[in-house]
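Notes for the one structure printed next.
Where a number appears in this text, it was derived from the coordinates with a stated rule and is not lab data. Computed from a prediction, not measured in an experiment: that's the story for all the values here. We place every Cβ from the backbone using ideal geometry, glycine too, and count neighbours over all the protein chains shown.
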Amino acid sequence: MRSLNSNRQIFLGLICTMLCAAAPAMAGSATTMPTAEASSQPNSAVSMHIYVVAVNGLVQARDGDSQPWAVAQTNMVLSEGAELRTGPHSSVTCVIPPDQTFTLDRLGTVRVADAFRNGNMVKTDLLMKYGRTHYDIQSAGLQHEASITSPSSTLAVRGTTVSLFDQPPYVPSAISFTGRARFTYNHNTVSVGTKHGSYAKALAGTDGSAQTGVGDTVVDPRYAASLTAADSALIATEVARGAVISYNPILGIPTVAGGRPSYDSELPSTLPGTLDLVLRWTGDADLNLEVGVDIGNPQVVFLSQFVSNEFLYPGNGQQNSASGGHIPYDDIGGPTGGEEIAYWLGNHPQGLYGIGAQFISGQPTSYTFNIYEYGKPVEMFYFDSNGDFVKSTQMTSTLSSGQFGSAIAAIPDQAYFDGLIPNDPAGNPNPGIGPGSFTPAVRALAMGIKTPSPK
Amino acid sequence: MLSKQSISRIRFGNVGLALASALIVLSLGCQTAVVKSTVTNKFSGNDTNAQLGFWHELADRHVTSNDDAFHGLLLYIDGHDDSASYNQRVAALQSKGLLPASFSCPANEAVTRGTLAVAIVKLLDVKGGWVMHVFGPTQRYAVKEMIYMGIYPPSSPQQTFSGTEFVGVIGKIDDLQQPVSADTSSQ
């Protein structure tokens, strides 16, 4: 009985050995991925295969240094030691059965240095020369010892979803999307993410994801809670007129598109500050408001020529000035023009203020300047179309590509200047903006009325 | 105690030393780096092997030459570079408005970050700040804009790029221009 059992065991062992011997050859020609790649025999390291499952753009692969590069294709089977490289706009995704997936992103190169299974232990090591690799381990009942190693850092992974980026001239960074990974850089190891946790990112050289998170912190100005009451009211007014609010992360300022400028009759009631400088325009163009302040006694600084102590511009961190000046948003215009404002709440410096309109893009347009101090219009001084230096509480002119419109004003208003400089022959105030400022079609658009297209 | 004469000698001696140092720097140290052979000469084709060979060979070079940088830009923008020579490459980029018409640097000279920054600013249609609006994308402010956008590390316009840095910059531009896959979108 015992001999019969032992014979059966020997027979079954032979069958198993034959199947194992045949497996690599079968895998080499397979186009479908097996569910379990390696032998489950304990204490015998078995090399694992790598299956290319997605190729996007220019991707090449080879099975070792001595092999020539070949164009990578879906269902391609590679072995331990394989190397992959990608071009611009490209990526390649590979699977190491049963539970590991990695993606090499654009312009990177990675080598699968180790990929073997020893019993229940799976060891994988990806050597990334440069680029960005995303690595996902589902940890399906196996014990993983996996890592992505780059020239300057190592990311050790155990059953998690991570990404390592290492590409000069940038600081290497590790991201954990789920679970915890260990990120080593310059002999310093930090944890990235937590068990069952969510997104965490660590930059090399930091104390971990907490310090990186603080460094990356920004308050998105689109959220009402991050806006001041004055800015919220202004943006709400723009939205009520059909504008769309967005955020320009490069300029670092909320942007307003569409809508229309305030009419003359509406403007005074919408002003938020004790000092408000307003640029409005009616054409399909993008203008930017610029404000310069020469702080001091207006009559003194007027004689000593204009020197800008403070400057306000919508974006690039220049939307706030030291004395409290603020531009809440960048209006990028639309078919019915736009409006930008700079304002001070509470105290504002006395001095000579310069207000400017910069033409960014679009069609030539009419524009209007207004300055209000404590709700009262302030006289502005500028050169009219005849080249005469004149004054008006509302300046209207036209602007086209490459041009810049400007005026100056004394704050507080100086009766001396007002008496010295003549009124603008075009009127003081100049004609401003009202419903009649737009052509009928544009006016209909401004009012939200669709006009039938001409037949 | 030092006499007036010795103090004067020390001061003028320092000035003389500074002048001598400046002359040495001017005569030796401020020359633009050049490369002996460009990667473009080795991988000038448009097939996958040539393109990937170009990018990954360039990543191993210490300096990126004008020829390599412009070939890389054309490959990145168009997916191919049909120029047969460096002059044609320059003309192709000039026709796209990415290089100034007055550009005349030799092929094997190291590309400057300023030259590349102006091309990137135009490629990405970066509006920039008020200085760029007024004066256009000059090298100085284009570099500043690149630094602000995180495409360049803190740099000066006269610096150059190593090969791997150039590849990294192109990758960063790719990230900005392409819809990044969901798994890496958070970067």
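Could you pull out the pairs from A:K123/A:K201; A:K129/B:K36; A:K123/B:K36; B:K36/B:K172; A:K376/B:K144 whose alpha carbons sit more than 32 Å apart here? From the list (A:K123/A:K201; A:K129/B:K36; A:K123/B:K36; B:K36/B:K172; A:K376/B:K144), the Cα-Cα distance tops 32 Å for A:K123/B:K36; A:K376/B:K144. For the peptide A:167-173, the mean number of other protein chain Cβ atoms found within 10 angstrom of a residue's Cβ is 6. For region B:58-139, the normalised intensity computed at q = 0.14 Å⁻¹ comes to -0.47 (log10 of I(q)/I(0), Debye sum over alpha carbons, equal scatterers, no solvent). Using a cut-off of under 18 Å, list every residue of region B:94-117 whose amide N is near the label point 7 Å from the Cα of B:D82 along the Cα-to-beta-carbon line. Taking a point 7 Å out along Cα→Cβ of B:D82, the residues of region B:94-117 whose backbone N falls under 18 Å are B:94-97.
Grab the other residues whose beta carbon is less than 12 angstrom from that of A:I371, score K and R as +1, D and E as -1, and report the net. Display every interim value, and only then the final one.
Values: positive: A:K376, A:K391; negative: A:D276, A:E373, A:E379, A:D413.
For residues surrounding A:I371, the net value is -2.
Counts of other chain beta carbons within 10 angstrom of each beta carbon in peptide B:57-65 average 1. Label-to-label distance, B:A91 versus A:V71, with points set 7 angstrom from Cα along the beta-carbon direction: 3.1 nm.
Put in order of Cβ neighbour count within 10 Å, fewest first, the listed residues A:V171, A:V162 become A:V171, A:V162.
Using a ≥ b ≥ c from the Cα gyration tensor of region A:49-94 (square roots of the eigenvalues), is it rounded, prolate or oblate, where a/c under 1.5 gives rounded and otherwise the larger of a/b and b/c decides, a/b for prolate? If you can, show how the numbers build up before the last one.
Working: a/c = 2.20, a/b = 1.31, b/c = 1.68.
Oblate shape, in that a/c is at least 1.5 and b/c is the bigger or equal ratio.
The separation of region A:374-408 from region A:63-87, counted between C-alpha centres, amounts to 68 Å.
Other residues lying with their Cβ under 13 Å from the Cβ of B:D81 contribute a combined charge of -3, Lys and Arg counting +1, Asp and Glu -1.
Quick one: order A:Y353, A:Y51, B:Y148 by neighbouring beta-carbon count within 10 Å, fewest to most. Present the calculation step by step, with values, prior to reporting the outcome.
Numbers: A:Y353 30, A:Y51 23, B:Y148 18.
Taking fewest neighbouring Cβ atoms as first place, the list is B:Y148, A:Y51, A:Y353.
In square nanometres, what is one fourth of the surface area of the convex hull spanned by the alpha carbons of region A:39-216? If you can, show how the numbers build up before the last one.
On the way: hull surface 41.8 nm².
Result: a mean projected hull area of 10.5 nm².
Ordered by the number of other Cβ atoms lying within 10 Å of each residue's own Cβ, fewest first, B:R140, A:R180 fall into the sequence B:R140, A:R180. Are there chymotrypsin sites (Phe, Trp or Tyr not before Pro) in region A:75-131 that DSSP marks as loop and that have at most 14 other Cβ atoms within 10 Å, and which are they? Listed in order of number, the matching sites amount to none.
If you count, for every residue in B:164-174, the Cβ atoms of partner chains within 10 Å of its Cβ, what is the mean? If you can, show how the numbers build up before the last one.
Numbers: counts 7, 4, 2, 8, 9, 5, 4, 12, 5, 1, 7.
Rounded to a whole number, the mean comes out at 6.
The Rg/Rh ratio of region B:39-179, with Rg taken over Cα atoms and Rh as the Kirkwood radius over Cα pairs, comes to 0.94. Across all directions, the average flat footprint of the convex hull enclosing the Cα atoms of region A:224-444 is 11.7 nm². Put simply, the Cα atoms of region A:272-380 extend 41, 29, 26 Å along their principal axes, the longest span coming first.
Could you list the square roots of 5 times each eigenvalue of the Cα gyration tensor of region A:370-437, that is, the equivalent ellipsoid semi-axes, sorted largest first and rounded to whole Å? Intermediate values should be presented prior to the final figure.
Values: eigenvalues 78, 47, 28 Å².
Semi-axis lengths for region A:370-437 are 20, 15, 12 Å.
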